[in-house]
Amino acid sequence: MAIRDHQFKKIPRFPLLSLLCFISVFLLLSLSRRPSLSKQTLHFKPQFQPHHHSSLFSDTCDFSDGSWIYEPDPRRERYDNSCREIFKGWNCIANNKSNAREINKWRWQPKDCDLPTFDPHVFLHTYRDTNIGFVGDSLNRNMFVSLFCILKSASSEVKKWRPAGADRGFTFLRYNLTIAYHRTNLLVRYGSWSARASGGVLESLGYKDGYRVDVDIPDGTWAGAVSFHDILIFNTGHWWWAPSKFDPVKSPMIFFENDQPVIPPVATEVGFDKALKHMVQYVDKGMQPGGIKFFRTQSPRHFEGGDWDQGGSCPRLQPLLLHHVEELFSVKNNGTNVESRMVNQHVFKAVEGSNFHILDITRMSEFRADAHPSTAGGKRHDDCMHWCLPGITDTWNDMLIMYLNRIKSRS
């Protein structure tokens, strides 16, 4: 012990003081380089965490499984609120929605690969002389407008027209590439029905008024799209369970097949299955060889506190955490927004064994309660169904084009 004490006393003081000064300066510099707390807290991540180890073009990658990652300094905007095709109620930047410019700072990160934003110049060149049709309700129009605005930012020479019965369409003249939206609520033909004075089988069952739904006849707005387009993206579901339109008591759906009423009358979900089966067969038979067809899964709604006509709202300003997603969408909970997962079960069943590809956008969209127009939609009620533009449907199109490129590379 005496030896150690003696040796310690022999250590010169100047080198020791120099060492202590050096350590102090190093610590001060290290602390000054740490990001501020306010910047760190911006990097909020939902509970699903990504893994970065798979190939970008991996055939096994499931783009629908992942998480939303916040990037406070996003890449250059792909388009802005000046794109004229944006429906007024979806233009959240122009309508001063408080988080409108934050929506696209969240990037979708698949679990086992990456989903890059597609390059519109490359896309126009790759798919020149191609016709692309979106067939479905206003949520498919949401997606169609997103694609148009992104492409318009790269090529402004555009002809506006309505090909093959479309509600709206555009051809990018330099590339002879056409995109079109065919509006249809149910995919199949329907119209009002009233009891006849002469009577009939439906009248004998007590039916007086309702809507005739022909499950085996495509809506005329898109019947010709099958032979015109090279690529088709379908959706349906929102209108099938819309009591404001098809009241099960006052104006029920009355299903017809082979021009005859389905007897005994069937429930909506049975009629839905019949319609999907017939429409999938119609497209499979009628589309030109080499045509590519997708069925997009259901876009989720985010009404909280009631449905759209019951004071429901969507005030959230950030994506949901996983446990909130399950509270809103679990089929077991049978909540206001459960329709998305229920509709998907019918769609998966209908396309099984067909040549359709599934474009599964449901899971990624369930997190994005923050990305609807909400009170900025210009309606008497909150719009918690459609999406702000620019917004999440831009990512839907990134996924669509990744799948298209994958299919093209195989062929």
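The values are calculated or read from the model by the stated rules, or taken from the named source; none is laboratory data. Computed from a prediction, not measured in an experiment: that's the story for all the values here. A quick note on method: Cβ atoms are made from the backbone with ideal geometry, for glycine too, and the neighbour counts reach across all protein chains shown. These accessible areas exclude ligands, DNA and RNA; they are computed on the full protein's heavy atoms, side chains included. Shrake-Rupley method; radii C 1.70, N 1.55, O 1.52, S 1.80 Å.
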Exactly one of 154, 197 is open to solvent by 10 Å² or more (accessible area, probe 1.4 Å), modelled with pLDDT of 95 or more and among the aliphatic types (A, V, I, L, M), and that one is 154
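Looking for whichever is open to solvent by 10 Å² or more (accessible area, probe 1.4 Å), among the polar types (S, T, N, Q) and touching a strand residue (DSSP E or B) at 6+ places or on another chain (Cβ under 6 Å) here; the options are 227, 244, 204, 251. Which one fits?
Working: 227 fails: touching a strand residue (DSSP E or B) at 6+ places or on another chain (Cβ under 6 Å); 244 fails: touching a strand residue (DSSP E or B) at 6+ places or on another chain (Cβ under 6 Å); 204 fails: touching a strand residue (DSSP E or B) at 6+ places or on another chain (Cβ under 6 Å).
Of the residues listed, the single one that is open to solvent by 10 Å² or more (accessible area, probe 1.4 Å), among the polar types (S, T, N, Q) and touching a strand residue (DSSP E or B) at 6+ places or on another chain (Cβ under 6 Å) is 251.
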Inspect all residues belonging to region 381-396 and state whether any of them is assigned to a loop (DSSP other than H, G, I, E, B), modelled with pLDDT of 95 or more, closer than 20 Å to residue 63 by Cα and open to solvent by 30 Å² or more (accessible area, probe 1.4 Å).
-> no
Can you tell me which residue in region 309-368 is farthest from residue 406 (Cα to Cα), limited to those that are in contact with a Ser or Thr (Cβ under 9 Å, 6 or more places away or on another chain) and of a type in the set (Ser, Thr, Tyr)?
-> 313
Identity of the residue in region 323-338, part of a helix (DSSP H, G or I) and under 12 Å from residue 302 (Cβ atoms), that ends up most open to solvent (accessible area, probe 1.4 Å) = 327
Exception for residue 227 within (1) among the small types (Gly, Ala, Ser); (2) in contact (Cβ under 8 Å) with a residue 60 or more places away in the chain; (3) part of a loop (DSSP other than H, G, I, E, B); (4) farther than 29 Å from residue 345 by Cβ falls at (3)
